[in-house]
1. Within region 93-113, can you find the residues that are within 22 Å of residue 73 (Cα to Cα) and part of a loop (DSSP other than H, G, I, E, B)?
2. Identify, please: which residue in region 167-204 is more than 14 Å from residue 12 (Cβ to Cβ) and touching a residue at least 60 places away in the same chain (Cβ under 8 Å) and is, among those, nearest to the chain's Cα centre (by Cα)?
3. What is the number of the single condition among (1) more than 13 Å from the chain's Cα centre (by Cα); (2) assigned to a helix (DSSP H, G or I) that residue 116 does not meet?
4. In region 150-172, what residues are within 15 Å of residue 132 (Cβ to Cβ) and surrounded by fewer than 19 Cβ atoms within 10 Å (Cβ to Cβ)?
5. If only one of 111, 76 is buried (at least 18 other Cβ atoms within 10 Å of the Cβ), modelled with pLDDT under 95 and either in the same structural domain as residue 148 (by TED's automatic domain parsing) or over 30 Å from residue 209 (Cβ atoms) (or both), which one is it?
6. If I filter region 190-202 down to residues being in contact with a helix residue (DSSP H, G or I) (Cβ under 9 Å, 6 or more places away or on another chain) and within 16 Å of residue 180 (Cβ to Cβ), which single residue comes out as surrounded by the most Cβ atoms within 10 Å (Cβ to Cβ)?
7. For region 41-73, give me the residue count where each residue is within 17 Å of residue 168 (Cα to Cα) and not in a helix (DSSP H, G or I).
8. Among the residues of region 23-40, is there at least one that is modelled with pLDDT of 95 or more, more than 19 Å from the chain's Cα centre (by Cα), surrounded by 18 or more Cβ atoms within 10 Å (Cβ to Cβ) and not in a helix (DSSP H, G or I)?
């Protein structure tokens, strides 16, 4: 087996939180006096940290307002996100299979750690994930490689022993910055061509196509 550990992004890699994210984004925008964003525009921001999401959707560089947007988003997300998040079909079976083969599994995401905990608890799958690095666990969000480095340190593994799997350009840049192999999936809003522009061991239509 080439890798000893698999590190995953969450949104659009393992699961779909679109409805909860759209609801939370538009709650925050409307509280700040902006019009609601189109669903597709919000989808294209999934995977960015919240302040960057604000800047992309509002086209403003107001630091205080970006912080307020993030607070409002989290307030709404605490109410709706866990309920409105689903794993993609077949993903839990894949995680079970890799886990049974002795693979270490981690999630590195801009989502908050406690939110991933809640989603895993909802599906009774906490046992599958060895390490979670959420947005509040790092000083710099992806594409800064800090989250991946935390996992490598916890696992005491080299960069060559892990594979990072994600659906976005941010994920590809994160893997590149960390110096680890990257596999892309097009289950999100990013095209195969956009992912293939970065170093990768493959870009797949769905996670099931990834052969370890």
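1. Those that are within 22 Å of residue 73 (Cα to Cα) and part of a loop (DSSP other than H, G, I, E, B): 109, 110, 111, 112.
2. Among residues in region 167-204 that are more than 14 Å from residue 12 (Cβ to Cβ) and touching a residue at least 60 places away in the same chain (Cβ under 8 Å), the one nearest to the chain's Cα centre (by Cα) is 174.
3. Looking at each condition in turn, residue 116 falls short on (1).
4. Across region 150-172, the qualifying residues are 150, 153, 154, 155.
5. Going through 111, 76 in turn, the sole match is 111.
6. Here the answer is 195.
7. Total meeting the criteria: 6.
8. yes
The values are calculated or read from the model by the stated rules, or taken from the named source; none is laboratory data. A quick note: this is a predicted structure, and the numbers were derived from the prediction, not measured. Cβ: placed from backbone, ideal geometry, glycine included. Neighbour counts: every protein chain shown.
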